[in-house]
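Report on one structure; see the data block that follows.
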Amino acid sequence: MTYKFNVNDKVIIISGKDKGKEGIIKNISKNRNKVIIKGINLVFKHQKSIPSNNIIGGILKKEKWIDISNISHFCFILNKKKLSRVGFKYVNNKKVRYLKYNNSILNYK
């Protein structure tokens, strides 16, 4: 099954505290409605040390989940970022994703 967002896709945040930032999808939840984006939505986690498991305590920065409705693919047109939706089409009998704004194919191999 082909999905609109995959790991290693470059996306932009369209709402929330990190609006306008861009990053790469690092992880996708099992039901595919939340994603973790590298370097985006950082929060502080107070971690207690557990010496028996070799876990060091302290205040850590951690990436949290972002809802998939708050991100979008984008493309560059005349040095401007334009948001684009994703469509599907067949190329050489293989289903591929493409950006609807400029018909460029995403991650075709």
Just give me the residues in the stretch 1-40 being polar (S, T, N, Q) and open to solvent by 30 Å² or more (accessible area, probe 1.4 Å), in sequence order. Thr2, Asn6, Asn8, Ser15, Asn27, Asn31, Asn33
I'd like to know if the stretch 50-65 contains one or more residues that are modelled with pLDDT of 90 or more, surrounded by 14 or more Cβ atoms within 10 Å (Cβ to Cβ) and out of contact with any helix residue (DSSP H, G or I) (no Cβ under 8 Å at 6 or more places or on another chain). yes
List the residue pairs whose Cβ atoms are under 8 Å apart, where the first residue sits in the stretch 14-28 and is closer than 12 Å to Lys38 by Cα and of a type outside the set (Val, Ile, Thr), the second is outside any loop (DSSP other than H, G, I, E, B) and open to solvent by 50 Å² or more (accessible area, probe 1.4 Å), and the two are 6 or more positions apart or on different chains. Glu22/Lys10; Glu22/Lys81; Gly23/Lys10
Test Gly23 against the criterion of being under 13 Å from the mean Cα position of the chain (by Cα), on the phi < 0 side of the Ramachandran plot, in a strand (DSSP E or B) and not acidic (Asp, Glu), and give yes or no. yes
Any idea how many residues of the stretch 26-42 are over 15 Å from Ile68 (Cβ atoms) and in a strand (DSSP E or B)? 1
For the stretch 26-64, the count of residues that are under 10 Å from the mean Cα position of the chain (by Cα) and not charged (D, E, K, R) equals 6
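The values are calculated or read from the model by the stated rules, or taken from the named source; none is laboratory data. Note that the structure is predicted; figures quoted are calculated from it, not measured. Cβ sites come from the backbone with ideal geometry, for glycine too, and all protein chains shown count toward neighbours. Just so you know, the surface numbers come from the protein's heavy atoms only, side chains and all, with ligands and any DNA or RNA stripped out. Shrake-Rupley method; radii C 1.70, N 1.55, O 1.52, S 1.80 Å.
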